[in-house]
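The values are calculated or read from the model by the stated rules, or taken from the named source; none is laboratory data. This is a predicted model, so every value here is computed, not measured. Neighbour counts run over all protein chains shown; Cβ positions are idealised from the backbone, glycine included.
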Amino acid sequence: MQKQLLNGLNKKGFTVVELLVSMGISLVILTAVYMTFRGQLYSFQLAQQIAPLQQNVRVAKMFLERDIRMAGANMDGVAYPSLDTMENELLYPLANDNDNVAGDAGSDSLTIVYIDYYAGTCGAATAPAISCDELPDLILAATMSPTSTTADIEEEITAAPYDKWDANCDCNGVTFGVPPNERYRAIIKSPHGISPSRSDIVFITQVSDTGVGNLDNLGNGAYNGFSNGVLNVYPPGSTIGFFGENSYVEVTYDLVNGNLRRNGAAIAANIEDLQFAFGLDTSDDGSVDSWVNNADLNDTQKLQVRMVRINILGRSSKEIFGTNTSIRPQIEDHAASATTDRYKRRRLELTVKVRNLGI
């Protein structure tokens, strides 16, 4: 009886083979679970990086495209070389710095100039002051000697509404007029249909009434030290109007520490490269016949720009392990990187027609 009980308790356990098989099956299942988890983790990390990466590139593109399309707007030649005695310190709608030494290695910078009259409105003034927006245009009466400090106008400066030029006006909280007030800024434009069309910004230093029946005149000087600033070289019929200084827009785009900057303020982060190329119309026939992407534009080329090719290379904020390796690619004249990494990149290339040049 006792032997039978002992025999009943003598049950067999798992064999070594069975244990190995079960462990193998468990390992396969755990490996599959791990691989699924790892794949989902990498996908999540990738999505976290790609979304802001694409957003940064889109923001950079939006700002650059808008300003480049505006280059030279409402200037009609304000930056263009004079036909007369004006020289040096000329303003240009576009100027570049290829391989900008002040920015990230190998990146470019671009400076854009235009006049935005909508931004330059002076707004309402508190009575008895008037808004500088109310100043009427004046007409240049005659071509005078370039060395003269005054320019004759057709209007009688004591007659309304032209007498407003002989008083003071308010523009965004600043009082303008003749000294000791802030000097009037004015913009002069050549008559419509005159070629080449041009315009300049000047300071009005004096408003003189020479008496009824005589040509009144304006004293004028170069704007902010630029030498292309006297009225006297313009033909009769040119118009002179008040110029709100905040209408003058000059913006510089550069790349510093991975931040795309607009006048020093960061507008997009994690930008790895910024490159520009310029389509030139060297034969003045209305079509682009050459491109420059590896040098600073000279003064002649600045006036020949008709298209700008923008290249923006965005990069994830950190390397994403588990993904394929890559390198920073060659863009325009900037050679590709020699080292690999696991950053994710998005490149945007856009060609913009500079609509205010070559019209």
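Things worth noting here:
- Whichever residue in segment 236-268 is over 13 Å from Asp104 (Cα atoms) and of a type in the set (A, V, I, L, M) and, among such residues, is farthest from the chain's Cα centre (by Cα): Ile240
- Consider segment 1-26 and keep the residues that are surrounded by 10 or more Cβ atoms within 10 Å (Cβ to Cβ) and among the β-branched types (Val, Ile, Thr). The one that is modelled with the highest pLDDT is Ile25.
Each row is one residue, and each column tells you yes or no for (1) over 27 Å from Val101 (Cα atoms); (2) at pLDDT below 95; (3) surrounded by fewer than 13 Cβ atoms within 10 Å (Cβ to Cβ).
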| position | (1), (2), (3) |
| --- | --- |
| Ser287 | yes, yes, yes |
| Val305 | no, yes, no |
| Arg309 | no, no, no |
| Gly314 | no, yes, no |
| Asn324 | yes, yes, yes |
| Ile327 | no, yes, no |
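- Per this entry, Thr339 is counted among residues that are at pLDDT 90 or above and among the polar types (S, T, N, Q).
- Residue-level analysis places Asn224 outside the set of residues that are buried (at least 17 other Cβ atoms within 10 Å of the Cβ) and either in the same structural domain as Asp137 (by TED's automatic domain parsing) or modelled with pLDDT under 75 (or both).
- Which numbered condition Gly77 misses (of (1) in contact with a Ser or Thr (Cβ under 6 Å, 6 or more places away or on another chain); (2) at pLDDT 80 or above): (2)
- Enumerated strands (runs of 3 or more DSSP E) restricted to segment 276-359, each holding at least 3 residues that are within 23 Å of the chain's Cα centre (by Cα) and of a type in the set (Val, Ile, Thr): 305-315
- Segment 191-204, residues that are at pLDDT below 80 and surrounded by 15 or more Cβ atoms within 10 Å (Cβ to Cβ): Ser197, Arg198, Ser199, Asp200, Ile201
- Test: Ile320 is among the hydrophobic types (A, V, I, L, M, F, W, C) and modelled with pLDDT under 90: yes
- If you go through segment 149-176 and keep only what is closer than 13 Å to Glu134 by Cβ, part of a strand (DSSP E or B) and more than 30 Å from the chain's Cα centre (by Cα), you end up with just Cys169.
- Counting the residues of segment 80-130 that are acidic (Asp, Glu) and at pLDDT 85 or above gives 4.
- Any pair with Cβ under 7 angstrom, 6 or more apart, that starts in segment 159-187 at a residue that is closer than 15 Å to Gly221 by Cβ and ends at one that is aliphatic (A, V, I, L, M) and crowded, with 19+ Cβ neighbours inside 10 Å: Val178/Val207; Arg183/Ile204; Tyr184/Ile204; Arg185/Ile201; Ala186/Val202; Ala186/Ile204; Ala186/Ile240; Ile187/Ile201
- Checking Tyr114 against (1) over 30 Å from Leu297 (Cα atoms); (2) within 16 Å of the chain's Cα centre (by Cα), the condition it does not meet: (1)
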